[in-house]
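Engineer: Quick one: this structure, given as structure tokens, is what I'll be asking you about.
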Amino acid sequence: MAYRSVRGMRDLVGADAALASHVGNTLIAVAQSFGYEEIRLPLIESAELFSRGVGEATDIVEKEMYTLSDRRGRQLALRPEGTASCARAMIEHGLLRGQPQRLWYAGPMFRYERQQRGRYRQFEQVGVEAFGIGGAAVEAELVQLANAAWRALGIHRHVSLEINTLGSGDARAAYRAALVDYLTPHVESLDADSRRRLTTNPLRILDSKVAATQRVLEGAPQLADFVDAPARAHFDALRALLDDLQVPYRVNARLVRGLDYYTDTVFEWSAGAIGAQDAVCAGGRYDGLVKRLGGAATPAAGFAIGVDRVALLCQEAEAEPARRPVDAYCAVLEERCMAWALAATQQLRELVPGLRLRLHTGGGKPAAQLRRADESGACWALIVGAQEVAENRIAVKWLRESRPQALMRVEELAVLLRTGAPVPERADAGGATGQAEQSASAANALAGN
Ligand code: ATP
Ligand code: MG
């Protein structure tokens, strides 16, 4: 019997894995450059955290959550998103009493959705959250952070930003009532999902992509007309900051986002180039969430980026970094040289930080070993035979340039490997890419630990 991965849960291998790591590491490096700190959250939470935090009448809770009960019958959920967990952790550890918290998290999320391009049941997010900070400045910072990430990845020309304000809770309640009054007589013209939402989560109807529903919505009352003066001033302040920063955006009065916890500002970046599932980043302000989860009222704002979709966009935009999984490949011509080769290659790894050096094992003819070296993508083949061992040297063959072979001591070779490596990164990539490769915590986080 052949096993296959579960529907919607993908394996990423080779270039796909490398690209997903590159995207994740770059996003993390940019978040760190803004002074955001890592928070590592569990994959499993109590199901109630999400039904309470995200909202009963949201897509996530109504139909997308992976729930399970443990041996004692407790209702648990594989986390569908990170914000509620993050708020839970802040409250649980009493971290909201003192100064504000700026945090990032990375890792897999789970939603039972229909699998398609850009929509999976296990997908990866990198999110940032700022707790304890009201006002528009931190929202502008979040926008700036996302923009810095797009630039570092070389995809800034392929994304566009939409923003909106939901106003205060009261404004939203008044608008919700007005929207229901308007839509109720048109109920027959709405799609089935929207009809159901009319009683559960009417604001979500604004998000509908069904043409008939969109036609009905054309005459609907506008959320903007219900937003009260303080919320309006808040939104204007954000717009003024974005204008000053020359960040392009569009105000979309229909943008409401699917989660209950948002208040005031909401935003979303999309990238048409990746197809129908085009949202790559979404977030906003959620001043009510901490209180809703039992903490003291705390202003907060954040966003989450979908790593899988950003990786698709990098492919579409041809912004994939050159992939070089191996810098050097060491061939071992005789089995009796193996102990020497194992020691010498390890010495090289210690002398050259970041070196990716693969040792050939399993023997074979020299030509076959060199073919393997070439296929590995390495720039250099290192060759260890009886003569090299006797002379305490390693033969070096340049695989990507025509240069004569050389014989070097380990120390000399280390200098070559440290300084002679061709730089594979794209010229237009920002500094963040370089930093990303050095961030071990980032690499661990994305490995799903
Ligand atoms: P969508 O409208 O596409 O369903 P969403 O509003 O449910 O997105 P959020 O909960 O805001 O998404 O999550 C933030 C980001 O995570 C999205 O913008 C998207 O890039 C990514 N994302 C969400 N769901 C999935 C999924 N099932 N597969 C891949 N990426 C996803
Ligand atoms: Mg969704």
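Engineer: Where in the range 230-244 does the label zone of residue 182 land, with the point 7 angstrom along Cα→C-beta and an amide N cut-off under 19 Å?
Structural biologist: Under 19 Å, as judged by backbone N against the label point of residue 182, lie 232 of the range 230-244.
Engineer: Scale the Cα Rg of the range 94-251 by the rule-of-thumb value 2.2 N^0.38 Å and send over the ratio, two decimals.
Structural biologist: Normalised by 2.2 N^0.38 Å, the Cα Rg of the range 94-251 equals 1.25.
Engineer: OK, next. What number, in percent, do you get for the relative contact order of the chain if the mean sequence gap of Cα pairs under 8 Å and at least 6 apart is divided by its residue count?
Structural biologist: 18
Engineer: Calculated from DSSP H runs of 4 or more alone, at -39500 (n - 2.57) each and per residue, what is the 222 nm mean residue ellipticity of the chain, nearest 500?
Structural biologist: Here the helix-only value at 222 nm equals -11500 deg cm²/dmol.
Engineer: Now a separate question. Largest first, how would 292, 79, 114, 309 line up by accessible area (1.4 Å probe)?
Structural biologist: Most to least solvent-accessible, the answer reads 114, 292, 309, 79.
Engineer: Next question. Mind jotting down the distance between the C-alpha centroids of the range 224-269 and the range 296-325, whole Å?
Structural biologist: 22
Engineer: What is the Cα centroid distance between the range 64-112 and the range 136-169, reported in whole angstrom?
Structural biologist: 24
Engineer: Let me ask something else about it. Can you give the accessible area of residue 281, probe radius 1.4 Å, in Å² rounded to 10?
Structural biologist: Its accessible surface works out to 0 Å², give or take rounding.
Engineer: Something else about it: Once neighbouring chains are kept in place and the probe is 1.4 Å, which whole percent of the accessible area of the chain is contributed by carbon and sulfur?
Structural biologist: 49
Engineer: While we're on this one: For the chain, with the dipole built from +1 on Lys and Arg beta-carbon atoms and -1 on Asp and Glu ones, taken about the Cα centre, which of 399, 344, 214 lies farthest toward the positive end?
Structural biologist: Looking along the dipole axis, the top candidate is 344.
Engineer: Nothing charged except the Cβ atoms of Lys and Arg (+1) and of Asp and Glu (-1): what's the magnitude of the dipole of the chain about its Cα centre? Round to the nearest 20 debye.
Structural biologist: 1040
Engineer: Could you work out the mean projected area of the convex hull around the alpha carbons of the chain, in square nanometres to one decimal?
Structural biologist: Seen from a random direction, the Cα hull of the chain projects 27.4 nm² on average.
Engineer: Okay, next question. With r defined as the distance between the Cβ atoms of residue 10 and residue 44 and R0 fixed at 25 Å, what FRET efficiency is calculated, to the nearest 0.05?
Structural biologist: Step by step, r from the Cβ atoms, then E = 0.75.
Engineer: Which distance in nm do the two modelled labels at residue 170 and residue 367 give, with both placed 7 Å along the Cα-to-Cβ direction?
Structural biologist: Taking the simple label geometry, residue 170 and residue 367 are separated by 8.6 nm.
Engineer: Once you put a point 7 Å from the Cα of residue 249 and another 7 Å from the Cα of residue 273, both along the Cβ direction, what distance in nm separates them?
Structural biologist: Rounded to a tenth, the inter-label distance reads 2.3 nm.
Engineer: Would you look at the GNM of the chain, springs on alpha carbons closer than 10 Å, and say which of 229, 339, 18 moves the most?
Structural biologist: Result: 339 has the largest fluctuation of those listed.
Engineer: Provide the gained length on full extension for the span residue 398 to residue 1, in nm with one decimal, where the gain is 0.36 nm per separating residue minus the Cα-Cα distance.
Structural biologist: That pair, residue 398 and residue 1, stretches by 138.4 nm at full extension.
Engineer: Something else now. Name the most mobile residue of 89, 17, 367, meaning the one with the largest mean-square fluctuation, in a Gaussian network model of the chain with Cα contacts below 10 Å.
Structural biologist: Result: 367 has the largest fluctuation of those listed.
Engineer: How high is the FRET efficiency from residue 224 to residue 189, r the C-beta distance, R0 22 Å, rounded to 0.05?
Structural biologist: Computed FRET efficiency for residue 224 and residue 189: 0.40.
Engineer: What full-extension length gain, to one decimal in nm, is calculated for residue 75 and residue 115 as 0.36 nm per residue of separation minus the Cα-Cα distance?
Structural biologist: 11.9 nm
Engineer: Mind jotting down the three principal axis lengths of the range 275-419 based on Cα atoms? Whole angstrom, largest first.
Structural biologist: 73, 37, 29
Engineer: Additional query: If I stretch the segment between residue 92 and residue 37 completely, what's the gain in nm (0.36 nm per residue apart, minus their alpha carbon distance), one decimal?
Structural biologist: Here the answer is 18.0 nm.
Engineer: Specify whether the C-alpha gyration tensor of the range 316-391 places it in the rounded, prolate or oblate class, a ≥ b ≥ c being the square roots of the eigenvalues: rounded for a/c under 1.5, otherwise prolate if a/b is larger than b/c and oblate if not.
Structural biologist: Oblate, because a/c is 1.5 or more while a/b does not exceed b/c.
Engineer: Related question: To the nearest 0.05, how large is the calculated FRET efficiency for residue 350 and residue 68 if R₀ is 60 Å and r is the Cβ-Cβ distance?
Structural biologist: 0.85
Engineer: Explain nothing, just the number: relative contact order of the range 67-143, from Cα pairs under 8 Å at least 6 residues apart, as a whole percent.
Structural biologist: 26
Engineer: Under 20 Å from the Cα of residue 209, which lysines turn up, not counting those fewer than eight places away in the same chain?
Structural biologist: Once the sequence-local lysines are set aside, what remains near residue 209 is 63.
Engineer: Under a point spin-label approximation (7 Å from Cα along Cα-to-Cβ), what is the residue 409-residue 315 distance to one decimal in nm?
Structural biologist: 4.9
The values are calculated or read from the model by the stated rules, or taken from the named source; none is laboratory data. Note that this is a predicted model, so its numbers are computed, not measured. In this analysis, Cβ positions are derived from the backbone assuming ideal geometry, glycine residues included, and neighbour counts consider all displayed protein chains. Surface accessibility is based on the protein's heavy atoms, side chains included, excluding ligands, DNA and RNA. Shrake-Rupley method; radii C 1.70, N 1.55, O 1.52, S 1.80 Å.
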